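The values are calculated or read from the model by the stated rules, or taken from the named source; none is laboratory data. Computed from a predicted model, the values in this text were never measured in an experiment. Backbone-built Cβ (ideal geometry, glycine too); neighbour counts: all protein chains shown.
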Amino acid sequence: MTNVLSKIKRTAIPAVVAAATSLGVSAPAMAEWSPKKPIELIIMAGAGGGADQIARLLQGLIEKKKLSPRPVIPINKPGGSGAEALRYIQDKEGDDHTILVTLNSFYTTPVIQQGIGVDVSNFTPIGRMAIDNFLLWVNSGRDDITDLDSYVAAVKAAGTGWKVGGTGTGQEDSILTAMMEKEFGYDVTYIPFPGGGTVAKNLVGNHVDSTVNNPAEQNEFFRAGETKPLVQFTAERLPAYPDVPTANELGVNMEYYMQRSINGPPGMSKEAQDWYINLFKTLFDSEEWQTFCTDDGLACDQWLAGDDLGAYHTQQIALHKELIESVGATAITGE
Amino acid sequence: MAVLLALCSIGLMFKSAELRIGWVPDRGPGSGAWPFWLSAGMLLCCLATIWRWFRGVTPESRNLEPYMPRETAMIVGISAGSIVFLLVITHLLGIYVALFLFLLFYLKFIGHHGWPLTISMMIGVPIFVFCLFEWALKIPLPKSITEPMFYPIYDLMYGV
Amino acid sequence: MEEILLHLAGGLTEAMQPLNFMMIVIGCALGLLIGAMPGLGSVNGVAILLPITFLVPPTSAIIFLAAIYYGAMYGGAISSITLGIPGASTAVATVFDGRPLAQAGQADRALTAAAVASFVGGTISVVLFTLFAPPLAAFALKFGPQEEFALMVLAFATFIGLGGDDIPKTVFSILIGLVLAAVGLDIISGQPRLIFGDIDGFLHGINFLVLAIGIYGIGEMLWTLETTQGEVVVHKVQVSVDRMKANFKDIKNYIMTTSLGSVLGYFVGTLPAAGATPASLMSYGLAKTFSKNPDSFGKGNVAGVAAPEAANNAASTGSMLPMITLGIPGSPTTAILLGGMIIWGLRPGPLLFSENPEFVWGLIGSLYIANFMTLVINLAFIPLFVKILTLPFTILAPIIYILCVVGGYAPTQTMHDVWLMLLFGVVGYLLRKLNYPVAPAVLAIVLGPLAERSLRQSLLASHGDMSVFVTRPISAVCIIIALLLVCYPMIQKFTRKGSRAVAAGQG
């Protein structure tokens, strides 16, 4: 823990200095810097996933609205749960033409894979585009499970015979699964699949018993009556699921979100950072982006940028460290 | 060669053994098991090959010609070497300079083609690669230290 | 039935609208070009052109992307045949016989076979798609990890006999491919595995293309250099009307293989997670196993070009089924198409057919037309592609090397992969000199990750109980077929023993 604090201190000082110098500079500086070559938009996940969709939508919108004088080029670097992408960004220190679109492995991968030696708190925060939510799903055919209590009872009865599908050890849903195991004192078998869509399909096909999925991954099956959500891990009920209780309402203190943010490499110039903040703010406010958020069940009401996002990252890093320590890294990797 | 591959197999087995290679009760094989047992299989295959070689079963073991005659080694070596050269220059000076020099070397000194063809290829191929990858497909190729030289080209392509 | 035809008519009219038709023609041509570049496949084409489609309505956009997808599937065969480098993983099986045919001066014959087989494969699968989409979607849902693993066993079984006569060397080749496939992150435990020297580049694993381009691009060129001692070789191919006619008469020699390959490809393609590459490999393996003349495969048999080409096109149509009905990509390319659909505000899933019929049927209609257009474009350009082979070796060689280097770089955009490709090329060449078959390694690296993942998922689910593979009906059927396939050549060997002895005596 002291290690974390010292790291925060180390980064806090330059951040304060940067914030002080930036006062009143941002507007003219924006006009001064603009990209000189194509911008690499690194995606720390594979083609077709949530982060990839967001990156390609943003790229399309930038092109359609002619917001950048140079093209933005999405590049997938999914290796090692994002470790490869994080190392790549870290090595691009001081580069103004490389940015990263994240998911929560931005926080978890450096903690679980200590060996990669990446400290994401040094990265240059640009803007938070959205927050994604999680719900607990079972197949609609399970008539015996109607709420959280009957779910816990069913899992306890099945023991390790209960199969939870997920997108991979160390991913968001595996952390939530480990949190639930700890909270309710049961032990399940976690089976990783490539991608949230495949997880959802395996739930519909009854190859797994329950899943923790984003609304976007399950919504179509839910509308078709194939699956049903039991509980949502949010502060308040989502508008799309008004009848599904939150964990907090049921007296279980469990909230978990996934952020989608844009970040630059460590040491990106202040001028470039401001330019990108301005660019992504424009995109965030666009009608297309807000429609996409509504359709996909993402929360896009609060814009966080620059140092505010940096502070949010610091808080999230600490939270994930604590989470991983409390459930134990072995509970997540399973070996 | 089989001896060398057998050594590689043993190396792979050790590398795999960093992870759990055994059978985890109730969970199936551990994460290192798959590559470990496969490498073990590779080792067995190599041993079988060596044994067959001693017994002279395979045509290669009865072959008295040298594995690689000198001329062949020269030709293959120059070709492989020229690609190594291409990659090293790509690291140092970027791919476009590397392509230019590689074509000069290959066409002029190996192919003995005339200057008009060599020069037109030296200029034409990098331009074609640039147009296709950077412009049409938007895949940036490594430019290393020649990167700033491309800024004016981007100005032309996308406007200032 | 009547309803389907009515919908289809609507879809065809939709696809024939000027804007959509233009999209099909441009898409097919672009796809052909991208597919023909080694290292670039339909994934790149679709991903790069996705943003362009924001400017047109969703139906036109998906038609455009589907046309690129189709074109790229055809295009992959072009570089496999003319240059001997698989343009994409789906076209690797096409190299096995396409390359020898080109070297024998019959590139036009191979290209025609590839184009016709692709057309047949595409058409059969679109018809199947039109008629049986909903029941197949339900069937795909029954496919869990156990069934996937059984399917992989079946795929491996079809390769028996692909290697040479030296069994230890063939097995070694398969195993090294499987080990190379294990490099990267272990999907089950999330731990890095076989990361040699802590190099970042290994974290994303060893891309199939790196091995394939290395072995077939660099390795093949070095091999050619050795056999010709650097002499200039010109493959004389004249293209004439008579030859074209002969090429079309040729069709009857492979139409059966092609039709079987198409149906197989379509079914494999509809299964999520499988995709076009295993389909084309299985189709090739089956064509060889059941051929009257299996020894001619790998030495220039036209059916060996037609079988994988029919299957990969059929599978690419097939993989659109889980994408549309389940929202699950059956291949990397459909993963990006799926992303595109979501971006356009369409929600793929069980309700898409009923809620957006004009979109779905417009897409199906466009598949019929795209298929036909690519055939026309492809046949028209065959004389041009054949010309490439008449270039002197000292011009062709550097061009191929450059294509390999750039093609090795493009998929992951790291120099690490290019070095690795060169290494595989040289090692592959050295091993080939010692009579190690290289094809099994390439096949193994494609199927290895799928096989390992589904095996371990199944065992996790069953708590280490191996019997699940035979107690579940679908997987049991797959495994029984696999066993029969393994036994089939042995039975054949016994029955043919007499004739083989004679042949050996002559050889």
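Quick notes on this structure:
- Checking B:E134, B:E147, B:E71 one by one, the residue that is modelled with pLDDT under 85 and within 23 Å of C:G428 (Cα to Cα) is B:E71 and no other.
- Scanning region C:210-230 for residues that are closer than 30 Å to A:I116 by Cα, away from chain A (no Cβ under 14 Å) and hydrophobic (A, V, I, L, M, F, W, C) yields C:L211, C:A212, C:I213.
- Residues in region A:205-249 that are crowded, with 22+ Cβ neighbours inside 10 Å and β-branched (V, I, T): 5 in all.
- Among the residues making up region A:216-234, those that are farther than 18 Å from A:D147 by Cα and either outside the structural domain of A:A154 (by TED's automatic domain parsing) or not in a loop (DSSP other than H, G, I, E, B) (or both) are A:A216, A:E217, A:N219, A:E220, A:F221, A:R223.
- Filter result for C:F143 (within 30 Å of A:Y190 (Cβ to Cβ) and not in a helix (DSSP H, G or I)): yes
- Single unsatisfied condition, C:C487 versus (1) touching a residue at least 60 places away in the same chain (Cβ under 8 Å); (2) more than 10 Å from chain B (Cβ to nearest Cβ): (1)
- Screening region B:131-155 for residues that are more than 7 Å from every other protein chain (Cβ to nearest Cβ) and among the hydroxyl-bearing types (S, T, Y) and picking the one that is farthest from the chain's Cα centre (by Cα) gives B:T146.
- Checked against (1) crowded, with 16+ Cβ neighbours inside 10 Å; (2) at the interface with chain C (Cβ under 10 Å from one of its Cβ atoms); (3) part of a helix (DSSP H, G or I), B:I89 passes all but condition (2).
- Boolean, A:L203 is away from chain C (no Cβ under 12 Å) and either touching a residue at least 24 places away in the same chain (Cβ under 8 Å) or over 30 Å from C:P332 (Cα atoms) (or both): no
- Residues of region C:127-140 satisfying the condition of being in contact with a helix residue (DSSP H, G or I) (Cβ under 6 Å, 6 or more places away or on another chain) and within 14 Å of chain A (Cβ to nearest Cβ): C:L136, C:A137, C:A140
- For region B:106-130, the candidate set comprises residues that are closer than 20 Å to A:P71 by Cβ and of a type in the set (A, V, I, L, M); within that set, the residue that is farthest from the other protein chains (Cβ to nearest Cβ) is B:I127.
- Taking the numbered list (1) of a type outside the set (V, I, T); (2) under 30 Å from C:A150 (Cβ atoms); (3) assigned to a helix (DSSP H, G or I) in turn, C:Y436 passes all entries but (3).
- Number of positions in region A:44-74 that are in contact with a helix residue (DSSP H, G or I) (Cβ under 9 Å, 6 or more places away or on another chain) and over 21 Å from C:G327 (Cα atoms): 17
- Within region C:1-51, being farther than 18 Å from C:A88 by Cβ and polar (S, T, N, Q) holds for C:T13, C:Q17, C:N20.
- Helices (runs of 4 or more DSSP H) wholly inside region C:1-94 that include at least 3 residues being more than 14 Å from chain A (Cβ to nearest Cβ): C:2-16, C:18-36, C:58-82
Every residue, every condition in (1) surrounded by fewer than 24 Cβ atoms within 10 Å (Cβ to Cβ); (2) out of contact with any Ser or Thr (no Cβ under 9 Å at 6 or more places or on another chain), yes or no:
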{"position": "C:A279", "(1), (2)": "no, no"}
{"position": "C:S283", "(1), (2)": "no, no"}
{"position": "C:S291", "(1), (2)": "yes, no"}
{"position": "C:N301", "(1), (2)": "no, no"}
{"position": "C:P308", "(1), (2)": "no, no"}
{"position": "C:P322", "(1), (2)": "no, no"}
{"position": "C:I328", "(1), (2)": "no, no"}
{"position": "C:T333", "(1), (2)": "no, no"}
{"position": "C:G339", "(1), (2)": "no, yes"}
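- Flag if C:G105 is surrounded by fewer than 24 Cβ atoms within 10 Å (Cβ to Cβ), of a type outside the set (V, I, T) and touching a Leu at 6+ places or on another chain (Cβ under 9 Å): yes
- Taking helices (runs of 4 or more DSSP H) as the structural unit, those lying wholly within region C:302-414 and holding at least 3 residues that are within 10 Å of another protein chain (Cβ to nearest Cβ) and either touching a Cys at 6+ places or on another chain (Cβ under 6 Å) or farther than 26 Å from C:N20 by Cα (or both) correspond to C:393-409.
- The strands (runs of 3 or more DSSP E) found wholly in region A:47-147 and carrying at least 1 residues that are within 9 Å of chain C (Cβ to nearest Cβ) occupy A:72-76.
- Listed by first and then second residue, the pairs with beta-carbon distance under 6 Å, at least 6 apart or on different chains, first residue in region A:48-69 and surrounded by fewer than 16 Cβ atoms within 10 Å (Cβ to Cβ), second of a type outside the set (K, R), are A:K64/C:F54; A:P69/A:S34; A:P69/B:Y158.
- Residue match in region A:23-39 (condition: at the interface with chain C (Cβ under 10 Å from one of its Cβ atoms), modelled with pLDDT of 80 or more and not in a loop (DSSP other than H, G, I, E, B)): no
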